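Student: Can you keep this structure in mind? I'll have questions shortly.
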Amino acid sequence: MSLCVEQIRHVCTLGAFESVLAIKRAVPIVHAGPGCVAKLWTTLGSQNGHQGSGYVGGHAIPCTNASEKEVVFGGTDKLRKVITNTFDVIDGDLFVVLTGCTSDIIGDDVGEITRKFQAQGKPIVYVETGGFKGSNLIGHELVLGAIIDQHLQPQEVEPGLVNIWSSVPYQNTFWSGDIEQLNILISSLGLKPNVVFGPDSSVDAINDIPKAQYNLVISPWVGLRTAEQLKNKFGTPFLHYPALPIGPTETSKFLRTVGEFAGIDPAVVENVIRKHEDRYFYYLERAADTLLETRLLPRRFITVADSLYALGIARFLTNDMGLIPEKQFITDDTPNDYQSGVAAEFEQFTSGIVAETVFSNDGGYVEEEIRKLKIRSRPLILGSSWERVVARDLNAYQLSVSAPIGNELVLSKSYVGYNGALQLVEDIYSVVLNDFM
């Protein structure tokens, strides 16, 4: 077993400060050593779709820059000063203190410091996110858990209001566009999405989380902990839909499932589906001359991605586009408790097709396994920028769909839903045509 990880796909728990930045006017305050934030931001914000820093992100994030002095004598005094100065200098509506490895190891009582500011009426919470606790996907849920426990209060339920928990901000390169498309789909059923992350987010939406009639988890495993926590504290029921809906087969199934769960008239749901499918197939049929050209069509595909995108893309390419899945590599460090459930989802393809899944966040191992595959035709590799090298060596088509994506600028792109599937088809065949021509 290798003791090192090549070609990283995610970062440590502290990287969850990006989830705070995904909420408008929310401010992370980091109690960690110098360099931690800069390296994490470079990986997630700069070298992953070039998403940038946003409001008080990047080098503007308040940080204690804990040194040897804080390791020896403790860093609580310095943290207190940084929090005080942050309130004086930065205009925000919610402040989240996150800790790094040093603070967690030496045992700084960050909770005590934070609670004193909470007692003064300050909108601030704290969360221990030492990097050894896991990935930033774990950190994402730790941040949400801290907000739920320390900040949210019971409220009267608003009928039709839905919290959506899915793509992890900045980790999933297309998270912002994904959230927008999921909101559009949910709104088309007559429900009201409570927008926690992204361009339409706000701390008011955070405060409204307890008002939701339902929680909707659209992910194989990320978000389940949050939904369970909200159910335990506020009694909010939740629906778990493990696959990211991409394309007509999965998206129509998704809308029917949500409609049944929310008690929406099936006639309304079918009308929504018909309109979306009519538009989707109009464009697909128009391009049929090219799409059905056998010389261009990649017959087999490999995904190297987080479980959310690997599953969503695999189902679309198999069920809707008729491609055959080779090994599917899951790179998000899926906790052991969830791996069997995630693997089972890759058995839910049409025509009894089953895809072999491999769980590994070691890009070196993944590359070795890809090179071992015996595929007669040119395969399609859907992964990160790391896979460009092995794709070139194997004469495979390659499209970057998972972190890190350093070769694309990503603004609002999304592969979610009917429209997102059209975008994915465009991107795949643009790769193929660019090589063919």
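Student: Return the only residue of G54, G49, G33 being closer than 30 Å to W386 by Cβ, open to solvent by 40 Å² or more (accessible area, probe 1.4 Å) and assigned to a loop (DSSP other than H, G, I, E, B). Before the answer, list the steps.
Tutor: Working: G49 fails: open to solvent by 40 Å² or more (accessible area, probe 1.4 Å); G33 fails: open to solvent by 40 Å² or more (accessible area, probe 1.4 Å).
None of the other options fit; the residue is G54.
Student: Taking the range 120-143, which residues are over 16 Å from the mean Cα position of the chain (by Cα) and within 15 Å of V96 (Cα to Cα)?
Tutor: We begin by selecting, within the range 120-143, every residue over 16 Å from the mean Cα position of the chain (by Cα); these are 120-133.
Scanning the range 120-143 gives G121, K122, P123, I124, V125, Y126, V127, E128, T129, G130.
Student: Among the numbered criteria (1) over 15 Å from I381 (Cα atoms); (2) in contact with a Phe, Trp or Tyr (Cβ under 9 Å, 6 or more places away or on another chain); (3) open to solvent by 30 Å² or more (accessible area, probe 1.4 Å); (4) not hydroxyl-bearing (S, T, Y), which one does G352 miss?
Tutor: Evaluating G352 over (1) over 15 Å from I381 (Cα atoms); (2) in contact with a Phe, Trp or Tyr (Cβ under 9 Å, 6 or more places away or on another chain); (3) open to solvent by 30 Å² or more (accessible area, probe 1.4 Å); (4) not hydroxyl-bearing (S, T, Y) leaves (2) as the failure.
Student: Separate question: Any idea which of (1) closer than 18 Å to P248 by Cβ; (2) within 18 Å of the chain's Cα centre (by Cα) is the one F329 doesn't satisfy?
Tutor: For F329, the exception is condition (1).
Student: Which ones in the range 224-275 are under 17 Å from L311 (Cβ atoms), touching an Asp or Glu at 6+ places or on another chain (Cβ under 9 Å) and open to solvent by 30 Å² or more (accessible area, probe 1.4 Å)?
Tutor: T249
Student: Another question, if that's okay. Right, E293: acidic (D, E) and under 17 Å from M321 (Cβ atoms) or not?
Tutor: Values: acidic (D, E): yes; under 17 Å from M321 (Cβ atoms): yes.
Judged against the criteria, E293 is a match.
Student: Same structure again: Take the residues in the range 276-297 that are more than 29 Å from the chain's Cα centre (by Cα) and among the hydroxyl-bearing types (S, T, Y), then tell me which one is most open to solvent (accessible area, probe 1.4 Å).
Tutor: The qualifying residue most open to solvent (accessible area, probe 1.4 Å) is Y282.
Student: Could you please tell me which pairs satisfy a Cβ distance under 7 Å, a separation of 6+ or placement on different chains, a first residue in the range 86-113 that is without any contact (Cβ under 8 Å) to a residue 40 or more places away in the chain and within 21 Å of E141 (Cα to Cα), and a second residue that is in a loop (DSSP other than H, G, I, E, B) and acidic (D, E)?
Tutor: Hits for this filter: D104/E128.
Student: If you don't mind, another one. Has the range 213-220 got at least one residue that is within 26 Å of G247 (Cβ to Cβ), modelled with pLDDT of 95 or more, open to solvent by less than 20 Å² (accessible area, probe 1.4 Å) and assigned to a loop (DSSP other than H, G, I, E, B)? Step through it out loud before you land on a result.
Tutor: As a first pass, look at the range 213-220 and keep what is within 26 Å of G247 (Cβ to Cβ): 214-220.
When the remaining residues are screened for being modelled with pLDDT of 95 or more, the result is 214-220.
Among the residues that remain, those that are also open to solvent by less than 20 Å² (accessible area, probe 1.4 Å) are: 215-220.
After this cut, where a residue has to be assigned to a loop (DSSP other than H, G, I, E, B) as well, the list is 219-220.
Checking the range 213-220: at least one residue is within 26 Å of G247 (Cβ to Cβ), modelled with pLDDT of 95 or more, open to solvent by less than 20 Å² (accessible area, probe 1.4 Å) and assigned to a loop (DSSP other than H, G, I, E, B).
Student: Just wondering, is there one or more residues in the range 225-243 that are more than 25 Å from G177 (Cβ to Cβ), of a type in the set (D, E) and in the same structural domain as I184 (by the TED database)?
Tutor: yes
A quick yes/no check of all residues on (1) outside any helix (DSSP H, G or I); (2) at positive phi; (3) touching a residue at least 12 places away in the same chain (Cβ under 8 Å):
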residue	(1), (2), (3)
A243	yes, no, yes
E250	no, no, yes
K253	no, no, no
N271	no, no, no
R274	no, no, no
R279	no, no, yes
L284	no, no, yes
Y309	no, no, yes
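Student: Can you give me the ranges of the strands (runs of 3 or more DSSP E) entirely in the range 329-437 with at least 1 residues that are within 20 Å of V5 (Cα to Cα) and without any contact (Cβ under 8 Å) to a residue 12 or more places away in the chain? Can you show your working first?
Tutor: Numbers: elements: 357-359, 380-383, 397-400.
By residue number, no strands (runs of 3 or more DSSP E) qualify.
Student: For the structure I just gave you, tell me whether V342 is over 21 Å from N48 (Cβ atoms), at pLDDT below 95 and crowded, with 16+ Cβ neighbours inside 10 Å.
Tutor: Numbers: over 21 Å from N48 (Cβ atoms): yes; at pLDDT below 95: no; crowded, with 16+ Cβ neighbours inside 10 Å: yes.
Answer is no for this residue.
Student: Please verify whether K116 is modelled with pLDDT of 95 or more, of a type in the set (K, R) and either open to solvent by less than 20 Å² (accessible area, probe 1.4 Å) or assigned to a loop (DSSP other than H, G, I, E, B) (or both), treating the condition exactly as stated. Lay out the reasoning, then the answer.
Tutor: Values: modelled with pLDDT of 95 or more: yes; of a type in the set (K, R): yes; either open to solvent by less than 20 Å² (accessible area, probe 1.4 Å) or assigned to a loop (DSSP other than H, G, I, E, B) (or both): no.
Considered against the rule, which asks whether it is modelled with pLDDT of 95 or more, of a type in the set (K, R) and either open to solvent by less than 20 Å² (accessible area, probe 1.4 Å) or assigned to a loop (DSSP other than H, G, I, E, B) (or both), K116 comes out as no.
Student: Hey, another quick one. Cβ contacts < 6 Å: first residue farther than 24 Å from L311 by Cα, restricted to the range 208-221; second residue part of a helix (DSSP H, G or I) and open to solvent by 10 Å² or more (accessible area, probe 1.4 Å), any location; separation 6+ or different chain. Result?
Tutor: P210/F234
Student: Go through the range 298-327 and report how many residues are within 20 Å of K372 (Cβ to Cβ), of a type outside the set (A, V, I, L, M) and surrounded by fewer than 24 Cβ atoms within 10 Å (Cβ to Cβ).
Tutor: Looking only at that region, the number is 6.
Student: Can you find a residue that is open to solvent by less than 30 Å² (accessible area, probe 1.4 Å), of a type in the set (D, E, K, R) and in contact (Cβ under 8 Å) with a residue 12 or more places away in the chain anywhere in the range 147-165? Break it down stepwise before answering.
Tutor: Going through the range 147-165, the residues open to solvent by less than 30 Å² (accessible area, probe 1.4 Å) turn out to be 147-148, 152, 160-165.
Those still in the list that are of a type in the set (D, E, K, R) too: none.
Within the range 147-165 (the criterion being open to solvent by less than 30 Å² (accessible area, probe 1.4 Å), of a type in the set (D, E, K, R) and in contact (Cβ under 8 Å) with a residue 12 or more places away in the chain), the answer is no, since none of the residues qualifies.
Student: Suppose the filter is among the polar types (S, T, N, Q), within 24 Å of Q171 (Cα to Cα) and open to solvent by 20 Å² or more (accessible area, probe 1.4 Å); does N395 pass it? Explain how you work it out, then say what you get.
Tutor: On the way: among the polar types (S, T, N, Q): yes; within 24 Å of Q171 (Cα to Cα): no; open to solvent by 20 Å² or more (accessible area, probe 1.4 Å): yes.
No; evaluated as a whole, the condition is false for this residue.
The values are calculated or read from the model by the stated rules, or taken from the named source; none is laboratory data. In this text, all values refer to a predicted model and were calculated from it rather than measured experimentally. Glycine gets a Cβ as well: all are built from the backbone with ideal geometry, and neighbour counts include every protein chain shown. Heavy atoms of the whole protein, side chains included, go into the accessibility calculation; ligands, DNA and RNA do not. Shrake-Rupley method; radii C 1.70, N 1.55, O 1.52, S 1.80 Å.
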